[in-house]
Ligand code: GUN
Ligand code: ZN
């Protein structure tokens with residue numbers, strides 16, 4: 001079925017400009033791809049009788065993309081702990097142990113995806129638990145929605161409770177099985193997922209490197225340089241390594257298909273290696289402040305001569321919001337503390353086209369371009385009394401976007417479309 005979605009359309013171009021139509025339309029075809037996008041007066045005759053969702057003056061933009069989120073932590077947000085390692089052992093590992101149960105994982109997967117949609121997120125790179133069943137559940141739920149989702153079974157064979165540990169052999173076997181079953185099915189892809197250096201032995205990190213080298217098109221996701229206590233423990237566990245990044249480097253885990261969450265305390269040498277290998281560091285601002293991990297600096301990472309590619313993500317449940325709007329708002333504040341003032345357009349571009357490119361799905365989603373899938377979010381700049389009065393003094397599109405990321409959350413998400421189908425509609429009182 002062809003669907004015409006009308007509103008104030010905007011999309012973020014690679015050169016930093018915004019393609020904006022105050023009365024725009026996006027046409028999604030039978031297969032969910034964008035057949036046409038432009039000003040409503042120029043809508044081709046062929047689409048004028050098609051079913052239409054008219055969102056008036058609300059903003060219709062590419063769906064937000066979360067470049068790092070933990071599915072089995074979907075209900076354990078806001079768990080206060082001393083630091084990352086305390087939080088993992090007291091709250092996270094026990095909660096993730098529930099996902100050995102396929103029925104629990106199946107029910108949670110549907111809830112999790114609905115939560116992403118209600119927050120305007122249409123694609124993600126997600127961690128699962130160590131259990132194969134958990135990844136099966138999430139892949140199956142995402143497939144039903146025709147969603148672009150990358151995930152993998154977490155690999156972790158030490159320094160955790162037995163209920164969330166595997167071993168190098170079973171990790172290799174389960175990861176390969178999941179890759180063969182799901183990778184390339186619809187818009188799904190596999191990510192080799194060693195949790196972080198602390199919970200994998202050398203033998204398991206070697207397996208992760210072999211998987212990344214031998215599974216075509218697979219991504220790799222892990223955590224890097226998040227908290228001071230974590231970095232010190234990595235130093236003790238890998239005395240031969242130059243630094244934290246070197247641990248992953250020695251096992252072949254750096255590269256264009258590799259995404260490292262956090263990257264807060266990276267040295268010059270580490271940034272150089274991440275830059276020359278084409279790796280991505282994913283900024284998780286609400287998690288970094290909530291767990292007291294530190295303030296990631298975008299200007300430090302982006303330093304000319306050795307720029308490290310950057311993504312942006314919620315990191316739920318270390319992160320405190322599912323909303324990529326709230327996440328951009330917190331990124332703005334953290335970057336201000338680092339002496340850098342990003343624009344709203346820059347952060348929206350990062351959360352759409354930027355994350356799509358970093359997740360290797362730039363041909364598929366992240367912009368309102370012909371042939372890409374119609375993954376869309378409809379944002380209401382008047383969603384709350386505070387937002388509505390803020391718009392009385394907004395003087396530009398940048399201003400409206402800025403107010404949405406600073407003051408908005410799921411209340412500002414009027415509707416969400418995945419592959420041209422509406423998957424969420426806000427219920428207004
Ligand atoms: N490092 C290792 N595992 C995790 C996790 O689940 N969340 C965060 N924020 N950091 C981690
Ligand atoms: Zn994480």
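Values computed for the structure shown
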{"read-out": "Selected residue (only one of 123, 141, 78, 108 is outside any helix (DSSP H, G or I), closer than 25 Å to residue 409 by Cβ and either more than 16 Å from ligand 2 (Cβ to nearest atom) or more than 20 Å from the chain's Cα centre (by Cα) (or both))", "value": "123"}
{"read-out": "Residues (within 16 Å of ligand 1 (Cβ to nearest atom) and either surrounded by fewer than 19 Cβ atoms within 10 Å (Cβ to Cβ) or on the phi < 0 side of the Ramachandran plot (or both)) located in segment 295-317", "value": "295, 296, 311, 312, 313, 314, 316, 317"}
{"read-out": "Residues being surrounded by fewer than 18 Cβ atoms within 10 Å (Cβ to Cβ) and touching a helix residue (DSSP H, G or I) at 6+ places or on another chain (Cβ under 6 Å) - total across segment 201-230", "value": "2"}
{"read-out": "Matching option when the condition is over 26 Å from residue 31 (Cα atoms), outside any strand (DSSP E or B) and in contact with a strand residue (DSSP E or B) (Cβ under 8 Å, 6 or more places away or on another chain), among 174, 166", "value": "166"}
{"read-out": "Test: residue in segment 318-326 that is more than 16 Å from ligand 1 (Cβ to nearest atom), surrounded by fewer than 24 Cβ atoms within 10 Å (Cβ to Cβ) and part of a loop (DSSP other than H, G, I, E, B)", "value": "no"}
{"read-out": "Residue list for segment 121-138, filter: within 18 Å of residue 375 (Cα to Cα) and more than 16 Å from ligand 1 (Cβ to nearest atom)", "value": "121, 122, 123"}
{"read-out": "Some residue of segment 360-383 being within 16 Å of ligand 2 (Cβ to nearest atom) and either touching a residue at least 24 places away in the same chain (Cβ under 8 Å) or within 19 Å of the chain's Cα centre (by Cα) (or both)", "value": "no"}
{"read-out": "Residue within segment 302-310 that is touching a helix residue (DSSP H, G or I) at 6+ places or on another chain (Cβ under 9 Å), part of a helix (DSSP H, G or I) and either within 29 Å of residue 94 (Cβ to Cβ) or away from ligand 2 (no atom under 16 Å from the Cβ) (or both) present", "value": "no"}
{"read-out": "Sole residue being part of a helix (DSSP H, G or I) and in contact (Cβ under 8 Å) with a residue 24 or more places away in the chain, chosen from 190, 248", "value": "248"}
{"read-out": "Members of segment 317-359 that are within 16 Å of ligand 2 (Cβ to nearest atom) and within 17 Å of residue 409 (Cα to Cα)", "value": "317, 319, 320, 321, 322, 324, 327, 330, 331"}
{"read-out": "Residue list for segment 271-294, filter: away from ligand 1 (no atom under 14 Å from the Cβ) and surrounded by 24 or more Cβ atoms within 10 Å (Cβ to Cβ)", "value": "274, 279, 280"}
{"read-out": "In segment 8-37, the residues that are on the phi > 0 side of the Ramachandran plot and surrounded by 11 or more Cβ atoms within 10 Å (Cβ to Cβ)", "value": "32"}
{"read-out": "Some residue of segment 336-357 being free of Cβ contacts under 8 Å to residues at least 12 places away in the same chain, under 25 Å from residue 32 (Cα atoms) and out of contact with any helix residue (DSSP H, G or I) (no Cβ under 6 Å at 6 or more places or on another chain)", "value": "yes"}
{"read-out": "Number of positions in segment 154-163 that are surrounded by fewer than 15 Cβ atoms within 10 Å (Cβ to Cβ) and part of a helix (DSSP H, G or I)", "value": "1"}
{"read-out": "Qualifying position, being in a loop (DSSP other than H, G, I, E, B), on the phi < 0 side of the Ramachandran plot and either within 16 Å of ligand 1 (Cβ to nearest atom) or surrounded by 17 or more Cβ atoms within 10 Å (Cβ to Cβ) (or both), among 259, 266", "value": "266"}
{"read-out": "Single condition residue 42 does not satisfy, out of (1) away from ligand 2 (no atom under 16 Å from the Cβ); (2) surrounded by fewer than 19 Cβ atoms within 10 Å (Cβ to Cβ); (3) in contact (Cβ under 8 Å) with a residue 40 or more places away in the chain", "value": "(3)"}
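Rundown of residues vs (1) outside any helix (DSSP H, G or I); (2) over 22 Å from the mean Cα position of the chain (by Cα); (3) modelled with pLDDT under 95; (4) more than 16 Å from ligand 1 (Cβ to nearest atom), yes/no style:
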residue: 206; (1), (2), (3), (4): no, yes, no, yes
residue: 210; (1), (2), (3), (4): no, yes, no, yes
residue: 216; (1), (2), (3), (4): yes, no, no, yes
residue: 223; (1), (2), (3), (4): yes, no, no, no
residue: 226; (1), (2), (3), (4): yes, no, no, no
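The values are calculated or read from the model by the stated rules, or taken from the named source; none is laboratory data. This structure is a prediction, so every number in the text was calculated from the model and none was measured. Glycine also receives a Cβ, built like all others from the backbone with ideal geometry; neighbour counts cover every protein chain displayed.
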